[in-house]
Amino acid sequence: MAKKKSKKGKNKKAKKIVLGVLVAYVLILALVYAGGVFYYSKHFYSGSKINGFDCAGKTVKEVEKDIKSQIASYELVIQEREDKTETISAAKIGMEYVDDGKIKELKKQQNPFTWFLSFAHAKDYTMSATTTYDEAAVNAAVDQLTAVQEENMVKPANAHLEVTENGYEIIPETVGTELDKEKVKATVKDAIAKGASKVNLEEAGCYTSPEVVSTDENLVKQRDQGNAFLNVTVTIDFADRQEIVDKEVMKDWLVVNEEGNIDLSHEKAKAYVQELKYEYDTFGTSRPFTTADGQNITVSGGDYGWVIAPNDTTTKILDAIKSGQSQTITPEYTYTAYRREKDEIGDTYVEISLSKQHMWFFKDGQLLVSTDVVTGNHNKGWDTHTGVYAIMYKERDATLVGEGYNSHVNYWMPFYANTGIHDATWRNSFGGSIYMNDGSHGCVNTPYENAEKIYNNIEKGVPVVVYN
């Protein structure tokens, strides 16, 4: 029986020990908790940050002191294009800490009785009303940035079309580095107010931008329309000479019409045709000429030659381009001559020398007729007009009517107004000085046989060269 009492005593003693340990543990926890409550009633929780600044375990005054020091060394890094950066310091903008009670308010938000929960829930506070700065100083600091100086800013340029060796191409836009100063100032002030350490002007939209970029649908459309024109070559034929209308010529004609499509400027094309007229119009111009006896002379006047019709030729060129098919065309003319080659007289022509009172007729380089003639009466002022003309038409058995005469001729070949080559059966002699006092009213009187031969071998348009 004595042994059983001994076991019960041991159990009671063990229970007392366990109970004592638990009470001690609780007392310790209570003391730790109470200590934490007391400590965190004056200190910030573990993991607490204000504007990114670690203030864990610090008092309000300690945090205020640290923030003052932090603000005094504050710098805002400004990230610019081309990987460039500039900074604005607190000292430059008069930035200061203002004790407005915000730190105390933040501390009051932390309940010291729940301090133990802070280890699992760190708190990052954003404080925005604890600093001031001189706004005018910020404006001045921005104005002094290297990036905003006019000489350092490259203005943006729109993507556009240009004619290159490959045709009509889109030249990409130039992004540039031009900044909107007012946007920069607003962005910098906002960053400073938030206590940010860095601001990216690109992301903030402070740079000016081109209005048209290379992917613009309308630009792509216009490129394709322009190339449809530029890929065509129009050859303008002048017999022994040609003018080529290709992209080098057309590039200056491309315009945007009211519908936003690429078109060809009629005015610019017409200006080009006007240049052709300066080069190729020969109506009434002076011409070098080699006479039958080998003299090199210049013959001026007359109505022989070519005159390009500007409107019709312009339209013809533009229509050819717009057809989309490369081709050869001839200009449209107001006046035409017998030959389009540079040597418009060629080897088929009539030559008349007034001083020698002689006429020659060459056909395809062969002399068919060489004859004396009688031209206009010199003393009465009826001289045959000098210059280069063309046979207007030819007529058999014509009646020439004028002041004081009504004459029948067998072969009539007019070349200027009422002046022409014809037979003169009423004359017995030709050449010499007859024309001085007994000349015609301006026509070229020719022996019957020679007039007949010329008539039978000549055609409309053959040039007639008359010189003294």
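Cα centroid separation, the range 202-244 to the range 362-384: 60 Å.
Taking the square roots of 5 times each eigenvalue of the Cα gyration tensor of the range 199-261, largest first, gives ellipsoid semi-axes of 41, 12, 9 Å.
From the cross-link list 58/189; 84/181; 92/181, which pairs have alpha carbons spaced over 27 Å apart? Those over the limit are 58/189. Kirkwood hydrodynamic radius of the range 107-240, from the reciprocal of the average inverse Cα-Cα distance over all distinct pairs: 20.5 Å. Placing dummy labels 7 Å off each Cα toward the beta-carbon, the span from residue 244 to residue 213 is 3.9 nm.
In this structure, the residue pairs whose Cα-Cα separation is over 31 Å, taken from 155/198; 221/270; 270/363, are 270/363.
Projecting the Cα atoms of 244, 302, 266 onto the charge dipole of the range 217-335 (Cβ charges, centred on the Cα centre) puts 244 farthest toward the positive pole. Packing, taken as the mean count of other beta carbons within 10 Å per residue, orders the peptides 398-409, 294-305, 432-443 from highest to lowest as 432-443, 294-305, 398-409. Each label was represented as a point 7 Å from its Cα along the Cα-to-Cβ direction; for residue 89 and residue 25 these points are 5.9 nm apart.
We did not get these values from a lab; they are worked out from the coordinates using the rules stated. All values reported here derive from a predicted model rather than from experimental measurement. All Cβ positions, even for glycine, are placed from backbone atoms using ideal geometry, and neighbour counts span all protein chains on display.
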